[in-house]
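The values are calculated or read from the model by the stated rules, or taken from the named source; none is laboratory data. These figures come from a predicted structure and were not determined experimentally. So basically every Cβ, Gly included, is an ideal-geometry build from the backbone, and we count neighbours across all protein chains shown. Ligands, DNA and RNA are stripped out before the accessible areas are found, and what is left, the full protein with its side chains, is counted by its heavy atoms. Shrake-Rupley method; radii C 1.70, N 1.55, O 1.52, S 1.80 Å.
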Amino acid sequence: MRWPLRNQIMLPMVGVIVATLFAVSGLNAYFSVQSTQRRIENELNQVAETLSDSSFPVTDSVLQKMRGLSGAEFVVMQGDFRIVSSSSPEGEFQGLQEHPDISSDAASVFSNTIALGDRRYFHRALEVKLSSTAGRPTTLHILYPEASYNEALREAIRTPLLVGSGAIVLVVALAMGIASRVTRPLRQLKRQVGNIAQGDFRALPVPRRDDEIADLSRSINRMATMLARYEGEVRQNERLRTLGQLGGGIAHQIRNSVTGCLMAVELHERKCHVDEDQEGLAVAKRQLELMERYLQRFLGLGRSADTPHAPTNLIEVVDNVLSLVSPTARHVAVQINWEPPSEPVVIEGDANLLEQMLVNLMLNAIEAASQAADSLTREVSISLASNNQQATLEVSDSGMGPAAEVQAQLFDPFITEKPDGVGLGLSVVKEIVSSHGGNIHWKRDDAVSKLLVVDDEQSICWGLSQLGESIGHEVVTASSAEQALQLTERMCPDAIVLDVRLPGMDGLAAMKHLRERVGEVPVIVITAYGDLDTAVQAVRNGAFEYIVKPFNLDKVQSALTRALVTHEKTTPQHKPSGGVHGLIGHSLAMQEVFNQIALSAAADTSVLLTGESGTGKELAARAIHQYSHRADGPFVAVNIASLSESLAESELFGHTHGAFTGAEQDRVGLLVQANGGTLFLDEVADIPLPSQVKLLRALEHGEVVPVGSVESIKTDFRIVSATHQDLLKKVQEGTFRHDLYYRLAAFRIELPPLRDRRDDIQDLAEHFLAAATHGRADASRAISNRALAELKSRPWYGNVRELRNAIEHSVILARGGVIEPYHLPEPIESSPISPTEGELQVDESVATLIRRWTEAQLADSGEAADLYEQLLGLVEPPLLAAVLEKHRGQCAAAARRLGMHRTTLRKKLDQYAIEES
C-alpha cells in the first residue's frame, strides 16, 4: 500500500492536534454544562430565599414575575395540599396534590423530577414561612422545566463545540498547506529523477533555502552530471565500435584501391624512366602509403593494440612529414618555420604512427593559418626539444584557434568545427600520443592577445584599436552585438570591450551570449548612460570593469592590462526585489560612486562611507545591501550619535534581565538582529571606546556577548558604516581604535558633496518635485529655468538634504504651478555642519584662551566661588550682541538661533545693557 510522504507528515500531526482539540472541546463543554447548572440552581435558591424572607404577600403576580426572572414555575401550597398561589393557572399544578410522597429535603432542584400533564419538571419542595399564610405550614414548590434545562445545556455546549470544530478545520487546512509546502520540492525532485531516468540530465534549480532538500537537489544535480558524462562515454564507445565494424566491411575495397594506385605510380616510373628525385611522384607514393596507415589506424579505433616500438629520431619524423605537407602549405600561401635541433632527438616509438600523428597536426595548423586575418602573417611553426629521455613537440599557427564550444573536447572523437568533418583526426592523434606514454593539450599563445571591441561609434572603435595595437595586441572591432557573436564563432578573444547601448541587442544582454561562446573572458563595459542599475547589472553579469564615457586612454589601458593579467571574474549576485530611491545622478563623480557600490555589493567585505552630511550615505548603504546576496536578510540601521554612552553598548550588543537598573527583560542587540543581513552604523565616529573593543571582537569572531551575560551568541552580518568626520584624525587623537578603523574601512566609498556634482542638481530637483507633488492635482508644476540656474549657483552646504528641503519649501509657496527663484528659501551663506579649517582653528583658540583664563583664576590666592558666572559674564555679551546684530535686532529670531526662550534672552540683554535695535 502506497503511503505518500505528505500523508506521513500531515496525518500524525493532524491526528494528535485533532484529538487534543476534541479533548479540550469536550472538557470545555463539560465545564460549561456544570457552570450552567450551578447558575440555574443559584438563581432558584436566591428566588426561594427571597420569597421565604419576604414581608409582602406572595401572590400569583409576584410568582409570575419570579418565573419571568428565573424561567421556573413556583407553587405555594399549604399543609392540606391546597394551592395558595402559583406562577401559572392552578389547573396546571393540580397533579402536585396527587404526589403526597414528595420530599422537601432535596438538596438540589435537579435531584427529583415530576411529571405534570405532558410536561416534566425538575422539582424541589421547601418548607417556608410566609407572612401571607399567617404562620400556617406552607410548602414552596420550585418546578424547572426539563425542556428549558436541556435548551440551556445545548446553548452552553454549542460555543465550545463550534470553536473546537473551527479550530479543527483550521488545523487541517494549515497541516495540508505545510505538508504541501514541504513536499513540493520533493515532488520537483521526483520529476527531475524521472526526467533523468528518461535521459534528460538538465540541472534542477537548487532551492534558495539551505536545508536538506537543497543538499538533495545538489546531489541529484551531481548525479545527473555524472550520468550525462557516462552516457556520452557509452555513446562514444558505441559509435567507435560501430565505426570499426563499418570500416571492416569496406577495408578490403579501400585497400584494393590504394594498392592499384600505388602499382600505377610504380609502373609509370618504370615506363617513363622517371628520376627518383622528382618531388611529385615521391609525394604521391608517400601519401598512398600514409593512406594505408590511416586506414589501419582507423580500423583500430576503440581497440587497444600493442605496436612495436623502436628507437626513433623525431627530427627524421618531422622532415618526412614536411616533405608531405609542404606542397599543401605552398598552395594556400602558408609559411612553415622549422629549425631542427643540433642533436638527434631519439625516443622509443613507432615511426609510422608518429608521422601519422604529426601529419594530422600539421594539416590542421595549415588550414587554420590559411584562414587568418589579412593583416597577420600566415605561418605554421614546429619546435622540438628533449630533456631526460622525454621530447616536447610543439606545432603552432597564426590562426584564430578553436571555437569556444569545442575547446574543452578538442581531442574527443566526433568533435569538429568543419562542416564536412567527422571529428576523428585529433582523437587519433591523442590515441597515438597516449600509446607512446605522452599527453597532448593545446594553448593559446599569450604573446599577442586578441581584443574584441564592440561599439557602434566608429571613433571609439578606431581609438581603442589604436590603443590596443600600440601596446602589442591584435584588435578586432564590431559595431553590434550580433556581429560580435558571429566573430566569436571563429575567434576566442582574450578580452572584450563592450558598449551598453548598441543597435539591436544591448551590451548587457549580449554578455550572457558572449560568455556561452568564449567562456570566462574579461569583459570591460563602457557606457555614456551610466546609472546605478546599469552598473550593478554589469557587475552582476560578470563585468571585469565598468567605465563611464568620456574616459581617458590611461584608464582603459590600465583596465585592459589588469584584465589580461588576472582574468578575474566578478561573481553574480541575486537580483534585488526593489530599487533604491534617491541615488540619482549622471555626473562622472556619481558614476564612479555607482561603480564602487556595484563592486562592493558583489563582495561581502566591510564598507566605510564617508562624505559630508546630507550626501546620501544611508541611501548608498541601502543600495549596497539591496544589490548584495544578503538582500533577503534584514537591513538594521542605527545612528550612533543618537545613543548615549551608557546605552550604546546595550543597544548594539543587547542585555539580559537585571544586567543594570531598568533592565526588566532580555533585549536582543542590533548586531544579532542583523544576522543574515546588513548592519549600518551611521556616525560611527561617535561610538564609545568601550563599545569599540566589543564591536571589533564581534566583527572578527562573529559572536556577541550581551551585557550581563557570559555566553556568546553567534551572528553573521555585513557591516556598512558611515561618518562625516575624519576617522584617521580621531585615531591620532586616541578617540578611535586604529584596529577597528582598518576593520571597518576595508573598502571606502567617498560620497561627493552636491557642489561638486552640479550636473545632477536638475535631475535631483525634478525627482524631489515629483515626490512632493505625487498624487496631487497640481503634480504638473515645473521648475523654471531661472530657478534651476539659481539652484545650480548655490553652495549647498547641506547637500542633497538641503536641496530636497528647498524643493519642498518651494512647492508650498508656488501655488501658481511653476517654481520661480523667489519661491526658494534663502541660501545658507556658510556651512553649519562642516566648519572650515579656519573655523576649527578659531574654535581651538577660544578653547585655549578659556583654559588659560581658568588656570589663571585658579592660581589666584583668592578662593572665588563664582568662576562660572564670571566666565558667562565674559562670553555671553559678545555672543548675544553678535546674534542680535545678525538678525537685525529681532529678539524672537535671535532667541531661536540661540536655543533659548525669548523672555530669557530679554532678561540677559537687560542684564548686560545690550540694546535690541
Q) Could you list, in sequence order, the residues of region 521-543 that are assigned to a helix (DSSP H, G or I) and touching a strand residue (DSSP E or B) at 6+ places or on another chain (Cβ under 8 Å)? A) Thr534, Ala535, Ala538, Val539
Q: Please work out which one of (1) open to solvent by 40 Å² or more (accessible area, probe 1.4 Å); (2) modelled with pLDDT of 85 or more is the condition Ile914 fails and give its number.
A: (1)
Q) Within the bounds of region 124-138, is there any residue that is open to solvent by less than 80 Å² (accessible area, probe 1.4 Å) and in contact with a Gly (Cβ under 6 Å, 6 or more places away or on another chain)? A) no
Q. Out of region 876-917, which residues are closer than 28 Å to Glu855 by Cα, of a type outside the set (Phe, Trp, Tyr) and in contact (Cβ under 8 Å) with a residue 24 or more places away in the chain?
A. Glu876, Pro877, Leu880, Ala881, Lys908
Q. Across region 500-520, which residue is farthest from Phe551 (Cα to Cα) among those that are open to solvent by less than 30 Å² (accessible area, probe 1.4 Å) and not in a helix (DSSP H, G or I)?
A. Gly519
Q) Taking region 726-742, which residues are in a helix (DSSP H, G or I), open to solvent by less than 80 Å² (accessible area, probe 1.4 Å) and of a type outside the set (Val, Ile, Thr)? A) Leu727, Leu728, Lys730, Asp739, Leu740, Tyr741
Q. Does Ala806 satisfy being modelled with pLDDT of 90 or more and of a type in the set (A, V, I, L, M)?
A. yes
(Q) Being among the aliphatic types (A, V, I, L, M), part of a loop (DSSP other than H, G, I, E, B) and more than 13 Å from Gln557 (Cβ to Cβ) is the filter here; which residues of region 464-499 pass it? (A) Met491
Q) Would you pick out the residues in region 145-175 that are open to solvent by less than 40 Å² (accessible area, probe 1.4 Å) and in contact with a Lys or Arg (Cβ under 7 Å, 6 or more places away or on another chain)? A) Pro145
Q) How about region 521-533: which of its residues are surrounded by 24 or more Cβ atoms within 10 Å (Cβ to Cβ) and of a type outside the set (A, V, I, L, M)? A) Pro522, Gly530
Q. Across region 678-714, what is the total count of residues that are surrounded by fewer than 19 Cβ atoms within 10 Å (Cβ to Cβ) and part of a strand (DSSP E or B)?
A. 4
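Mind telling me which of the residues Leu51, Leu11, Leu63, Leu44 ends up being open to solvent by 40 Å² or more (accessible area, probe 1.4 Å), in a helix (DSSP H, G or I) and either of a type outside the set (S, T, N, Q) or at pLDDT 75 or above (or both)?
Only one candidate qualifies: Leu11.
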(Q) Report every pair of residues separated by at least 6 positions or lying on different chains whose Cβ atoms are under 6 Å apart, first residue within region 317-346 and under 16 Å from Glu367 (Cβ atoms) and among the β-branched types (Val, Ile, Thr), second open to solvent by 40 Å² or more (accessible area, probe 1.4 Å) and at pLDDT below 90. (A) Val334/Arg378
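So that you can scan it fast, the table gives a plain yes or no per residue for (1) open to solvent by 20 Å² or more (accessible area, probe 1.4 Å); (2) at pLDDT 90 or above; (3) out of contact with any Lys or Arg (no Cβ under 9 Å at 6 or more places or on another chain):
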site: Lys430; (1), (2), (3): yes, no, yes
site: Asn439; (1), (2), (3): yes, no, no
site: Lys443; (1), (2), (3): yes, no, yes
site: Ala447; (1), (2), (3): yes, no, yes
site: Val453; (1), (2), (3): no, yes, yes
site: Leu467; (1), (2), (3): no, no, yes
site: Ile471; (1), (2), (3): yes, no, yes
site: Val475; (1), (2), (3): yes, no, no
site: Ala481; (1), (2), (3): no, no, yes
(Q) Looking at region 475-515 only, could you name the residues that are without any contact (Cβ under 8 Å) to a residue 24 or more places away in the chain and of a type in the set (D, E, K, R)? (A) Glu482
(Q) surrounded by 11 or more Cβ atoms within 10 Å (Cβ to Cβ), polar (S, T, N, Q) and either at pLDDT 85 or above or in a loop (DSSP other than H, G, I, E, B) (or both): which single residue out of Thr904, Thr854 fits that description? (A) Thr904
Q. Within the group Val33, Val14, Val47, Val18, which residue is closer than 21 Å to Glu155 by Cα, out of contact with any strand residue (DSSP E or B) (no Cβ under 7 Å at 6 or more places or on another chain) and hydrophobic (A, V, I, L, M, F, W, C)?
A. Val33
Q. Cβ-Cβ below 6 Å, separation at least six or inter-chain, first residue in region 593-606 and small (Gly, Ala, Ser), second assigned to a helix (DSSP H, G or I): which pairs?
A. Ala598/Ala535; Ala598/Val536; Ala598/Val539; Ser600/Ile624; Ala601/Ile624; Ala602/Val539; Ser606/Leu744
Q: Check Ala621 against each of (1) part of a helix (DSSP H, G or I); (2) open to solvent by 10 Å² or more (accessible area, probe 1.4 Å); (3) among the hydrophobic types (A, V, I, L, M, F, W, C) and name the one condition it does not meet.
A: (2)
(Q) So, Leu130, is that one within 30 Å of Ala156 (Cα to Cα) and either at pLDDT below 80 or out of contact with any Ser or Thr (no Cβ under 6 Å at 6 or more places or on another chain) (or both) or not? (A) no
Q | Count of residues meeting criterion [open to solvent by 40 Å² or more (accessible area, probe 1.4 Å), at pLDDT 70 or above and over 19 Å from Gln46 (Cβ atoms)] in region 97-123 | A | 7
Q: Considering (1) open to solvent by 60 Å² or more (accessible area, probe 1.4 Å); (2) touching a residue at least 24 places away in the same chain (Cβ under 8 Å); (3) out of contact with any Pro (no Cβ under 9 Å at 6 or more places or on another chain); (4) assigned to a loop (DSSP other than H, G, I, E, B), say which one Asn675 fails and leave the rest.
A: (3)
**Q.** Of the criteria (1) in a helix (DSSP H, G or I); (2) touching a Ser or Thr at 6+ places or on another chain (Cβ under 7 Å), which one Asn337 fails
**A.** (1)
Q) In this structure, is His629 open to solvent by 60 Å² or more (accessible area, probe 1.4 Å), at pLDDT 85 or above, outside any helix (DSSP H, G or I) and over 30 Å from Asp666 (Cβ atoms)? A) yes
